[in-house]
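This report concerns only the one structure given below.
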Amino acid sequence: MTKRIVVTGGAGYIGSHVCVELLASGRDILIIDNFSNSHPEAIARIEEIGERNVEVLEADLADASQANSIVERVKAFRADGAIHLAGLKAVGESVVQPARYYQTNIGSALTLLQALEAAGAKSLVFSSSATVYGELNDNPVTEEGRTGATNPYGRTKLYIEEILKDVASADGAWGIVNLRYFNPVGAHSSGRIGEDPNDIPNNLFPFIAQVAVGRREKLSIFGNDYPTRDGTGVRDYIHVVDLAKGHVAALDYLDKDNRGAIDVNLGAGKGYSVLESVAAFKRASNRDIPYEIAPRREGDIAEIYADASKAKKLFGWTAEKDIDAMCADHWRWQRENPEGYRS
Ligand code: UDP
């Protein structure tokens with residue numbers, strides 16, 4: 001069984017929630033994180049919620065000079081498997097700095113593979129993204145949909161998926177799940193961990209939350225002339241705790257001796273527009289969310305939501321929390337930690 005799990009990027013937004021669910025499932029974890037876009041305080045909070053200590057290695061998986069010490073630590077930890085979440089994730093930045101994105105994201109995945117090989121661990125869950133689908137498919141999107149990312153960030157996810165498929169074809173002992181996330185939002189219901197963007201948030205929910213708490217004046221809605229029900233973009237928002245549970249379900253699936261590499265959507269299977277999301281957040285927070293209509297954001301697509309039936313069939317997993325729970329939990333985190341982990 002995959003009892004001892006390496007979690008790269010374990011201090012980040014999704015990673016911290018994944019760590020909490022892994023601890024709850026009885027697994028031991030080694031977090032590898034360089035804290036470039038995360039906060040060490042998240043580790044203390046994971047331990048607080050999980051009521052257990054975790055192992056942490058502060059290291060940069062993309063830095064070749066650190067690879068040997070990372071490999072040694074993963075071996076010493078006696079890892080059985082890994083969840084790989086470390087990487088750069090800002091779409092706009094990836095367009096401006098493509099080489100940095102390829103080097104960091106692909107380099108990190110390769111270093112982790114090397115470490116797992118050295119430890120003899122052949123179970124891996126990879127944090128991929130629905131962005132690999134681009135705008136090529138009808139909704140809801142299935143895993144058989146055509147792939148074609150529209151930016152370098154998305155292509156790093158797609159290329160890593162392909163690398164992992166090659167690894168699994170070369171050695172049948174590998175079991176790999178590429179989890180294609182839709183739009184994770186919300187926070188742990190304790191209000192102790194949540195999303196804490198370093199800069200001005202790129203994503204909709206952290207931006208709305210910062211407007212609600214008074215850190216920002218107003219939301220810009222990027223386009224209201226899309227061919228959607230109210231003209232604003234439609235996305236499949238999924239509660240981050242549901243998403244985290246999907247990772248544990250993927251490991252449980254690999255534990256049943258399922259080998260090879262597969263792609264699995266993690267989404268709620270339902271789309272909400274920007275305006276509907278703003279209205280839901282307003283209800284949950286009881287705060288005003290001033291907004292203006294701004295031009296479309298380059299690279300955005302009109303609408304995407306998941307066919308989540310494969311995860312249900314293979315893992316027995318479905319998203320359970322609705323948009324009101326997503327907003328209520330996101331708001332609790334924002335209200336109780338207005339400046340994130342620095343609060
Ligand atoms: N969006 C917006 N204003 C913002 C951030 C996002 O109107 O400040 C819109 C965006 O155009 C998209 C939706 O909200 O339709 C979700 O955007 P996000 O960046 O969170 O996710 P992604 O586009 O990567 O799916």
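Tabulated results
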{"quantity": "The stretch 181-205 - residue that is within 22 Å of TYR305 (Cβ to Cβ) and away from the ligand (no atom under 12 Å from the Cβ) and, of those, surrounded by the fewest Cβ atoms within 10 Å (Cβ to Cβ)", "calculated": "GLY186"}
{"quantity": "Members of the stretch 219-240 found to be away from the ligand (no atom under 11 Å from the Cβ) and crowded, with 23+ Cβ neighbours inside 10 Å, listed by number", "calculated": "ILE238, HIS239, VAL240"}
{"quantity": "Single residue of the stretch 315-343 satisfying the filter (of a type in the set (Gly, Ala, Ser) and surrounded by fewer than 15 Cβ atoms within 10 Å (Cβ to Cβ)) that is nearest to TYR272 (Cα to Cα)", "calculated": "GLY316"}
{"quantity": "Among residues of the stretch 292-314, those that are at pLDDT 95 or above and either within 12 Å of the ligand (Cβ to nearest atom) or surrounded by 22 or more Cβ atoms within 10 Å (Cβ to Cβ) (or both), counted", "calculated": "12"}
{"quantity": "Matching entry among ILE304, ILE323 (being among the β-branched types (Val, Ile, Thr), over 27 Å from VAL213 (Cβ atoms) and touching a residue at least 24 places away in the same chain (Cβ under 8 Å))", "calculated": "ILE304"}
{"quantity": "Cβ pairs under 9 Å, 6+ apart, first in the stretch 213-233 and over 12 Å from GLY271 (Cβ atoms) and touching a residue at least 12 places away in the same chain (Cβ under 8 Å), second away from the ligand (no atom under 12 Å from the Cβ) and not in a loop (DSSP other than H, G, I, E, B)", "calculated": "VAL213/SER285; VAL213/TRP331; VAL213/GLN334; VAL213/ARG335; ARG215/GLN334"}
{"quantity": "Scan of the stretch 1-36 for residues that are polar (S, T, N, Q), part of a loop (DSSP other than H, G, I, E, B), at pLDDT 95 or above and buried (at least 18 other Cβ atoms within 10 Å of the Cβ), ordered by number", "calculated": "ASN34"}
{"quantity": "Residue among SER273, SER285 that alone is among the small types (Gly, Ala, Ser), in contact with a Cys (Cβ under 8 Å, 6 or more places away or on another chain), at negative phi and at pLDDT 95 or above", "calculated": "SER285"}
{"quantity": "Any pair with Cβ under 8 angstrom, 6 or more apart, that starts in the stretch 114-132 at a residue that is farther than 17 Å from PRO152 by Cβ and hydrophobic (A, V, I, L, M, F, W, C) and ends at one that is in a strand (DSSP E or B) and within 16 Å of the ligand (Cβ to nearest atom)", "calculated": "VAL125/LEU179; PHE126/LEU179"}
{"quantity": "Test for ALA90: is it surrounded by fewer than 22 Cβ atoms within 10 Å (Cβ to Cβ), among the small types (Gly, Ala, Ser) and within 18 Å of the chain's Cα centre (by Cα)", "calculated": "yes"}
{"quantity": "Test for ARG332: is it modelled with pLDDT of 95 or more, under 21 Å from VAL18 (Cβ atoms) and not polar (S, T, N, Q)", "calculated": "yes"}
{"quantity": "Of all residues in the stretch 206-218 being of a type in the set (Gly, Ala, Ser) and surrounded by 16 or more Cβ atoms within 10 Å (Cβ to Cβ), the one that is farthest from the ligand (Cβ to nearest atom)", "calculated": "ALA212"}
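The values are calculated or read from the model by the stated rules, or taken from the named source; none is laboratory data. Just so it is clear, the model here is predicted, and its values are computed rather than measured. Ideal geometry is used to build each Cβ from the backbone, glycine not excepted, and the neighbour counts take in all protein chains shown.
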